[in-house]
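Everything below concerns the one structure shown next.
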């Protein structure tokens, strides 16, 4: 005796070896023996096993589902009884099995009610289900067509409409995502690389920028008409005029000029040095539309060739310390004795005329390490030399002066018409040190001023190597100061704008804008710390992009580098670190030559191959572990 039975959702046949209550031992046509439950058996038959299932499947293919459904009655039924009705006679075992196979294969038509038992689906439900199946079939055909296009590196227009989702926020349940995923899987490439190959990412730079904008500027980076018009272009201030003129020192690309300096000789060998900071706090009211936006942006976003300003141009220009203009400033005056000691400090809110905006590229040939000994002929050389000597004195007072420290290099990126130039500049050059030390002095002293008057502020602190924001005046160990309140970049950082409001309230003897234990102050601090870190990481990412683009642009085939640790190296003349797989074990500081094998700006990847060690060449960079960040303000 043979049995037709169901196992794991499919039908099988076998011969009975032995049978007991509730189970039986069976043997398949291929000789495999197993045990099944008696309840799984749907039909017993005498026909030979060989060819039984093939014949039953062939017979099932001749059966029409629609006709079978029409032949069914309302109640549920067993397949053998239905086979009798369908054939109009007692069916053969193969015909009965064919009916079971066909019914079982069409759950849309026939609901399963148990082993070998079914019930015809109601007409309305069947109609809806068939429509759904047809929709799926058409969708599958559509997907197959789109997959073929993608594999031919052509972007279907329908997928292009969902490009933002596919690039930045993939929805794995979406038809477009499933199509892209299937095509990428067949080609064995990533989604992003396939989209790029299909021309859906015309600008790799804009792809990386778009990811950032989508997260931090989802509504766009433009300012509203209200924010743009909030500060009148002809705004005036009833403030005293400073008795000296100021000059600034900045990179040629700087448009938000926050800081400037003045020098005036006084009696008894005293020289008064003025540190003048643009004062937008005088014109931007708390909780105004512009202030709300500034507290959302929290900082200007920098990247090579582009920036997203914290304030609109209409709010920057009335306060930026542009040459030839009279501008409101918050000033810190240092009375400096002949031995460079500071005998007095005063803070004022005033107007000052800006005489000049000195730019690094034009100034550096006249004011550098080699021009300190004799007048270089620059009209500001004498003033700059005095400020540099004062800066050295301030650095020594902080306990941070170290002439033996290896030079560190900062890099400026200049992008014009898609071409990049990367220019290195030694950190600690006379220009840098002059600006940095005077900014540290201002941030330190104004922080102390807030403490002395018990006015709350936001401070940058460092302890145990960790840099963090706090509302308490805590030491910054890396800088060697008792407190450090960022106050010198109010056009570019919200923290500085907030602190400037507090400092001005002290100087003018008015109520502070933010009271002690202010929830707003704490909220702005927390938001700033997270946002500023994200902006900084984005800037680094875009600088890495342009480093890779530079290698492509200059067709660099071989590059030198310095081993940082293990297989991590830093490239010469570029702020770029990369791993070199297969690099032999070498000491930190070893100079090596690398072959550039692949530069991928899309995936931000550089693949190089070790060539050989560069003998007797010193490292071009300082390999010591630097402070957590460069806190000093560099123009």
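Only the coordinates and a few stated rules stand behind these numbers; no lab work does. Remember, predicted model here, so these are calculated numbers, not experimental data. All Cβ positions, glycine included, derive from the backbone under ideal geometry; neighbour counts span all protein chains shown.
Sticking with the crude label model, points 7 Å out along Cα→Cβ, report the distance from residue 89 to residue 313 in nm, one decimal please.
Taking the simple label geometry, residue 89 and residue 313 are separated by 9.4 nm.
Would you mind pulling out the separation of the Cα centroids of the range 543-592 and the range 279-332, in Å?
Distance between centres, Cα-based: 38 Å.
Could you work out the relative contact order of the range 536-613? I mean the mean sequence separation of Cα pairs under 8 Å and 6+ apart, divided by the number of residues, in percent.
29 percent
Run the numbers for residue 234 and residue 541: contour at 0.36 nm per residue of separation, minus the present Cα-Cα distance, in nm.
Taking residue 234 through residue 541 to full extension adds about 106.6 nm, to one decimal.
Let me understand the chain better: what is its radius of gyration from the alpha carbons, and its Dmax, in angstrom?
Looking at the chain, its Cα Rg and Dmax stand at 38.6, 129 Å.
Could you check the simple spin-label distance between residue 296 and residue 218, using points 7 Å along Cα→Cβ, in nm with one decimal?
Rounded to a tenth, the inter-label distance reads 1.1 nm.
Sort 179, 404, 578 so that the residue with the fewest other Cβ atoms within 10 Å of its own Cβ comes first and the one with the most comes last.
In order of increasing Cβ crowding within 10 Å: 404, 578, 179.
I'd like the FRET efficiency for residue 613 and residue 398, computed as 1/(1 + (r/R0)^6) with the beta carbon distance as r and R0 of 35 Å, rounded to 0.05.
0.35
Over the Cα atoms of the range 299-366, compute the convex hull volume and normalise it per residue, giving Å³.
That works out to 176 Å³ per residue.
Explain nothing, just the number: relative contact order of the chain, from Cα pairs under 8 Å at least 6 residues apart, as a whole percent.
9 percent.
In whole Å, what three semi-axes, largest first, describe the equivalent ellipsoid of the range 236-534 built from its Cα gyration tensor (square root of 5 times each eigenvalue)?
In descending order, the three semi-axes are 28, 23, 21 Å.
What FRET efficiency do you get for residue 163 and residue 374 if R0 is 60 Å and r is their Cβ-Cβ distance, rounded to the nearest 0.05?
My answer for the efficiency is 0.45.
Return the FRET efficiency for the residue pair residue 552, residue 517: r is the Cβ-Cβ distance, R0 is 35 Å, and the value is rounded to the nearest 0.05.
0.05
If you bin every alpha carbon distance in the range 369-410 into 5 Å steps from zero, what whole percent lands in each bin?
For the range 369-410, the binned pair fractions read 6, 19, 21, 23, 19, 11, 2 percent.
Please report the orientation-averaged projected area of the range 54-185, defined via the convex hull of its C-alpha atoms, in nm².
11.2 nm²
For Cα pairs less than 8 Å apart in space and 6+ apart in sequence, what is the mean separation divided by the residue count of the range 23-129, i.e. the relative contact order in percent?
Here the relative contact order equals 25 percent.
Describe numerically, in nm with one decimal, the distance between label points set 7 Å from Cα along Cα→Cβ at residue 289 and at residue 138.
Going by the 7 Å Cα→Cβ label model, 4.8 nm.
In which sequence would 606, 187 go, from the one with the fewest C-beta neighbours within 10 Å to the one with the most?
So the residues, fewest neighbours to most, are 187, 606.
Place a point 7 Å from the Cα of residue 362 along the Cα-to-Cβ direction; which residues of the range 231-267 have their backbone N under 20 Å from it?
Output list for this probe position: 245-263.
Quick check: Cα centre of the range 114-148 to Cα centre of the range 477-524, how many Å?
What the calculation gives is 66 Å, centre to centre.
At a 10 Å Cβ-Cβ cut-off, how would you order 150, 311, fewest neighbours first?
Result, fewest neighbours first: 150, 311.
Of the peptides 135-146, 260-271, how do they stack up when ordered by the mean number of other Cβ atoms within 10 Å, highest first?
Highest mean packing first, the order is 260-271, 135-146.
How far is helix 52-61 tilted, in degrees, relative to the longest principal axis of the Cα atoms in the chain, given as a value from 0 to 90 rounded to the nearest 10?
Helix 52-61 and the main axis of the chain meet at about 70 degrees.
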